[in-house]
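Colleague: Can you read through this structure? Questions will come right after.
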Amino acid sequence: MGARLYLIAYDIADPHRLARVARCLERIGTRVQYSVFIAELTPDELADAIADLARLIDPREDDVRAYPLPHVVDAALLGRQIFPDDILLLRDGRNLLRLGPKAKRPHQRELWR
């Protein structure tokens, strides 16, 4: 089975655990908000990530969630975004940082500037 896109979010009570969880997720995904990442993972990579995170958190105090995203994401974006408009994270020609039906689909020449 191939890779799938996941939205991974966390709420960590302890600052030291929070820093470790953030570093773990920075290795596998792209931060899109303070405690939210997008990662493209195979089932084995997801299982490894979940196992790594389980070792880092206190399940009595912390919460980590991984939501599979559909191939075509229809999302509403409001307010200031973490990445400027000229930063692209492309998958199948769509900018994953601007998800939704109006996500910019760059022309080929824009990709190689």
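No value in this document is a laboratory result; all are computed from the given coordinates. Everything quoted here is computed from the prediction, not taken from an experiment. Cβ atoms come from the backbone with ideal geometry, glycine included; neighbour counts cover every protein chain shown.
Colleague: Just the residues that are within 16 Å of Ala9 (Cα to Cα), among the hydrophobic types (A, V, I, L, M, F, W, C) and surrounded by 15 or more Cβ atoms within 10 Å (Cβ to Cβ), please, taken from segment 40-73.
Modeller: Leu41, Leu46, Ala49, Leu53, Leu56, Ile57, Val64, Ala66, Leu69
Colleague: Filter segment 8-21 for residues that are more than 10 Å from the chain's Cα centre (by Cα), crowded, with 17+ Cβ neighbours inside 10 Å and among the aliphatic types (A, V, I, L, M) and give the result.
Modeller: Ile12, Leu18, Val21 - these are the residues of segment 8-21 that are more than 10 Å from the chain's Cα centre (by Cα), crowded, with 17+ Cβ neighbours inside 10 Å and among the aliphatic types (A, V, I, L, M).
Residue by residue, here is whether (1) over 20 Å from Arg4 (Cβ atoms); (2) small (Gly, Ala, Ser); (3) out of contact with any Gly (no Cβ under 8 Å at 6 or more places or on another chain); (4) free of Cβ contacts under 8 Å to residues at least 40 places away in the same chain holds:
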{"residue": "Val36", "(1), (2), (3), (4)": "no, no, yes, yes"}
{"residue": "Asp44", "(1), (2), (3), (4)": "no, no, yes, yes"}
{"residue": "Ala47", "(1), (2), (3), (4)": "no, yes, yes, yes"}
{"residue": "Ala51", "(1), (2), (3), (4)": "no, yes, yes, yes"}
{"residue": "Asp58", "(1), (2), (3), (4)": "yes, no, yes, no"}
{"residue": "Asp62", "(1), (2), (3), (4)": "yes, no, yes, no"}
{"residue": "Arg65", "(1), (2), (3), (4)": "no, no, yes, no"}
{"residue": "Leu69", "(1), (2), (3), (4)": "no, no, yes, no"}
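Colleague: Across segment 29-39, what is the total count of residues that are more than 19 Å from Ala13 (Cα to Cα) and buried (at least 18 other Cβ atoms within 10 Å of the Cβ)?
Modeller: Residues flagged as more than 19 Å from Ala13 (Cα to Cα) and buried (at least 18 other Cβ atoms within 10 Å of the Cβ) within segment 29-39 amount to 4.
Colleague: Do you know which residues across segment 1-24 are over 17 Å from Pro59 (Cα atoms) and outside any strand (DSSP E or B)?
Modeller: Matches in segment 1-24: Met1, Gly2, Ala3, Arg23.
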